[in-house]
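No value in this document is a laboratory result; all are computed from the given coordinates. No experiment lies behind these values; they were computed from the predicted model shown. Note that we place each Cβ from the backbone using ideal geometry, even for glycine, and neighbour counts take in every protein chain shown.
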Amino acid sequence: MPVPPKPPLSRRELNKLRIRNTILNVAEKNFALYGIDEASLNEIADLSEISRSTLFKYFNGKAEIFEAIVERMNDVFFIQIAKKCDETDDPATRILAIFIEFVEGLERSSAPPRKFIGLSIREWNDPQQSRRMERFRLEFYRILNSGKLRGAPQIDYLVDIVVSIFIGLLHNWRTFDDYPLRQRLVEAAGEIAHMIDRHAVKI
């Protein structure tokens with residue numbers, strides 16, 4: 001039985017969604033510019049054209065705003081993953097396409113969120129970060145458990161390696177201003193393709 005479509009949002013709900021997105025957009029730029037600790041909630045509220053009290057109706061503070069921004073950023077990335085997975089069943093082709101799509105998204109940005117991405121990948125032992133890492137693992141498992149790797153006994157090992165490579169390259173990119181992220185991601189995709197061939201299921 002098909003799932004019935006969701007009813008359209010009311011004008012009030014649309015306005016609340018607009019305000020929430022405005023807060024997140026303003027805060028993302030503010031955090032990238034100043035860092036979370038130095039960012040000002042008063043400035044975020046002012047630039048969002050709302051009062052501080054209204055801001056607190058949406059978020060309890062900077063930590064909650066930050067988590068919402070990271071979740072939104074990751075949602076966009078995971079949507080990109082889903083699209084690329086629909087295009088091909090080959091895990092190596094998927095990895096290369098996803099890496100290129102990711103770096104092109106950064107290049108299209110008027111202000112690449114280098115500092116913000118750095119904040120989002122620090123302290124992976126933090127409970128929120130651990131939850132984020134697990135979501136990354138699930139998505140990369142989805143990418144790799146296909147085609148010649150479907151059912152491969154080493155799939156969990158390969159997922160861990162690929163996630164570590166991806167996060168490591170992002171860490172280097174946010175640390176070094178002249179880091180050639182596109183080149184490194186393409187090179188990494190090539191190495192991952194070799195690993196996939198070595199661990200491919202023999203039919």
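Brief remarks on what is shown
- Modelled this way, with points 7 Å down the Cα-to-C-beta line, the labels at Y34 and F77 are 2.6 nm from one another.
- Packing-based ranking of 23-30, 40-47 yields 23-30, 40-47, ordered from highest to lowest mean Cβ neighbour count within 10 Å.
- Per-residue ellipticity at 222 nm computed for the chain from its helices equals -24000 deg cm²/dmol, with DSSP H segments shorter than 4 residues left out and the rest contributing -39,500 (n - 2.57).
- Multiplying the residue separation of L9 and K57 by 0.36 nm and removing their Cα-Cα distance gives an extension gain of 15.3 nm.
- Fully extended contour minus Cα-Cα distance, from A200 to K16, at 0.36 nm per residue: 61.3 nm
- Rh by Kirkwood over Cα pairs, then Stokes-Einstein D for segment 122-203 at 0.692 mPa s and 37 °C, µm²/s: 237
- Once the gyration tensor of the Cα atoms in segment 67-112 is diagonalised, the equivalent ellipsoid follows with semi-axes of 21, 14, 7 Å, ordered largest first.
- Over the chain: Rg over Rh, Cα atoms, Kirkwood Rh: 1.03
- For segment 1-59, projected area of the alpha-carbon convex hull averaged over all directions, nm²: 5.6
- Here K84, K57 are placed in order of increasing Cβ neighbour count within 10 Å, fewest first, which gives K57, K84.
- When you restrict to C-alpha pairs under 8 Å that are six or more residues apart and normalise by the size of segment 67-199, the relative contact order lands at 32 percent.
- Put a plus charge on the Cβ of each Lys and Arg, a minus charge on the Cβ of each Asp and Glu, and nothing anywhere else: the dipole of the chain about its Cα centre is then about 640 debye.
- Remark: the R142-D46 segment gains 30.4 nm on full extension, using 0.36 nm per residue and subtracting the alpha carbon distance.
- C-alpha long axis of helix 181-199 to longest principal axis of the chain, angle in °: 40
- GNM top mover of E101, E49, E67 - the chain, alpha-carbon springs below 10 Å: E49
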